[in-house]
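The block underneath contains the structure these notes are about, expressed in structure tokens.
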Amino acid sequence: MKEKLHPFQVALLIYMIQSGVTLFSIPRLSAEAFGTNGWIGIVILFGIVTLNILLIGLVNKYGHGQSLFIIIENIFPKWLFVPFYLFLSIIFTLLATLVTKKYILLLQMLFFRDTPSIVFVGMFFILSFFLLKGCIYEIGKATVILFFMTIWTMLLLTFHLSEFSFTRMTTFMMKGDKDLFSGGINVFSAFLGYELSLFLIPYVQKNFTKGVFFGNAITSFIYISVSFVCYGFFSFEYIIHDLYPVISLIEYVKFPFVERVENLIFTLFALKVLITVVMYLWASKELISHSFQKLRPNFISLLLLTVGTLISFIPDIIREVDQWLTWLTYFDIGIAFLLPIFLLLLIGLNKVKQKKVTL
């Protein structure tokens, strides 16, 4: 019998997938989207994501822990949905690729200007391949280790409490120039990754939904805490004009044994990005493995990583990467909301079909 993921492992997986490079700019994104004290908008988005996770939980409950492939193919023949599986695989592979590329470009721009991109791409390629060689349970165990290696960085927020002031936050709630739609989507993109829990359903023990809820709660708590501290440490005006206010926040932390703490933190953040990349590629691998069962898993992993590496060299600057990610985010949000609803409809149709057969 194959080992299954514990809900705690699911929670950490969801948190590590969600927590990407957007964390460094989320105070600015929330300010642009929601105006003054825009961190309150993150609380609202947390509620929306929670409702979406509830839909995924209903898929698990009424689907009796079956994979989405079984739910779909109980109603439709497999060949009919192979193009759909490939479409999802392409979206997930591109997301993994561009998240990696954005992190690498930021790393070069901020700290390693003279290091060629191929060095960082090669490192991600090798580490991702070794993780993808294992099953999801082994990826889950690795995630727990990487979580405890990175979560301590949240303690750095306590260094700013002495300079924190509520007067910098102003008494105005969500006032000023706002961009609720496109700005809100930019903030919402920081939560994406929880939709991959649909692929985890057959690999998890009981209390799957609680694990996903808890993982999203950790992510939301960190986003809200970081944004709240930024609004009180800087000001709304400063945050609006700083591309990466969280990096600026870390720059104020000084240790006698570390010259530039932000270098260490941003480099360590690669571990979170690695899990995000690996999980999107794992979901893509699941889709291709199911569509073409004669292909070997290691060959699929190598194929996805090779294609992703080649695509990563197309966008050269962060602006181009952001444009690609914007369009992919629209697709991924559609997948996150529509796929659970579609699966619930199929579960209902299957129950009607079974009743007719028994009659």
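The values are calculated or read from the model by the stated rules, or taken from the named source; none is laboratory data. This one's a predicted model, so the numbers in the text were calculated from it and none came from an experiment. Here Cβ is always computed from backbone atoms with ideal geometry, including for glycine, and neighbour counts include all displayed protein chains. SASA here: full protein model, heavy atoms, side chains in, ligands and nucleic acids out. Shrake-Rupley method; radii C 1.70, N 1.55, O 1.52, S 1.80 Å.
Taking the stretch 89-132 on its own, how many of its residues are farther than 14 Å from F313 by Cβ and either aromatic (F, W, Y) or in a helix (DSSP H, G or I) (or both)? Show your work before the answer.
Initial filter on the stretch 89-132 (farther than 14 Å from F313 by Cβ): 89-93, 95-96, 99, 103, 106-107, 109-115, 123, 126-132.
Filter again for either aromatic (F, W, Y) or in a helix (DSSP H, G or I) (or both), leaving 89-93, 95-96, 99, 103, 106-107, 109-112, 123, 126-132.
Residues flagged as farther than 14 Å from F313 by Cβ and either aromatic (F, W, Y) or in a helix (DSSP H, G or I) (or both) within the stretch 89-132 amount to 23.
The helices (runs of 4 or more DSSP H) found entirely in the stretch 24-88 that carry 2 or more residues being within 21 Å of M154 (Cα to Cα) and either aliphatic (A, V, I, L, M) or within 18 Å of the chain's Cα centre (by Cα) (or both) are 26-34, 39-62.
Are any residues in the stretch 218-258 touching a residue at least 24 places away in the same chain (Cβ under 8 Å) and polar (S, T, N, Q), and if so, which ones?
Quick first cut of the stretch 218-258, residues touching a residue at least 24 places away in the same chain (Cβ under 8 Å) only: 218-220, 222-236, 239-240, 242-247, 249-250, 252-253.
Across the stretch 218-258, the qualifying residues are T219, S220, S225, S227, S235.
A Cβ distance below 6 Å, combined with a sequence gap of six or more or placement on separate chains, defines the contacts here; from the stretch 322-334, residues that are in contact (Cβ under 8 Å) with a residue 40 or more places away in the chain and open to solvent by less than 50 Å² (accessible area, probe 1.4 Å) reach residues that are of a type in the set (S, T, N, Q) and in a helix (DSSP H, G or I) in the pairs T329/S189. Residue pairs whose Cβ atoms lie under 6 Å apart, sitting 6 or more positions apart in sequence or on different chains, and linking a residue in the stretch 168-187 that is at pLDDT 70 or above to a partner that is open to solvent by 50 Å² or more (accessible area, probe 1.4 Å) and assigned to a helix (DSSP H, G or I), are D179/E32; G183/E32. Against the conditions (1) closer than 29 Å to A217 by Cβ; (2) touching a Phe, Trp or Tyr at 6+ places or on another chain (Cβ under 7 Å), I104 satisfies every one except (1). Restricting T150, T158 to those that are among the hydroxyl-bearing types (S, T, Y), more than 17 Å from the chain's Cα centre (by Cα) and part of a helix (DSSP H, G or I) reduces the list to T158.
When the residues of the stretch 78-106 are filtered to those that are within 15 Å of S189 (Cβ to Cβ) and either open to solvent by 20 Å² or more (accessible area, probe 1.4 Å) or touching a His at 6+ places or on another chain (Cβ under 6 Å) (or both), the one that is modelled with the highest pLDDT is L94. Cβ-Cβ distances below 7 Å connect the following pairs, each with a first residue in the stretch 50-75 that is modelled with pLDDT of 90 or more, a second residue that is polar (S, T, N, Q) and open to solvent by less than 10 Å² (accessible area, probe 1.4 Å), and a separation of six or more residues or different chains: T50/N216; I53/N216; I56/S197. Against the test of being modelled with pLDDT of 90 or more and exposed (fewer than 15 other Cβ atoms within 10 Å of the Cβ), the options L302, L338 yield a single qualifying residue, L338.
Among the residues examined, L295 does not qualify as modelled with pLDDT under 85 and either acidic (D, E) or more than 18 Å from the chain's Cα centre (by Cα) (or both).
Name, by its number, the condition in (1) open to solvent by 60 Å² or more (accessible area, probe 1.4 Å); (2) not in a helix (DSSP H, G or I) that does not hold for P315. Checking P315 against (1) open to solvent by 60 Å² or more (accessible area, probe 1.4 Å); (2) not in a helix (DSSP H, G or I), the one that fails is (1).
Only a single item in (1) in contact (Cβ under 8 Å) with a residue 12 or more places away in the chain; (2) open to solvent by 10 Å² or more (accessible area, probe 1.4 Å); (3) of a type in the set (G, A, S) is not met by S289, and it is number (1). Selection over the stretch 229-256 of residues that are of a type in the set (S, T, Y), surrounded by fewer than 22 Cβ atoms within 10 Å (Cβ to Cβ) and closer than 15 Å to F164 by Cα gives a count of 4.
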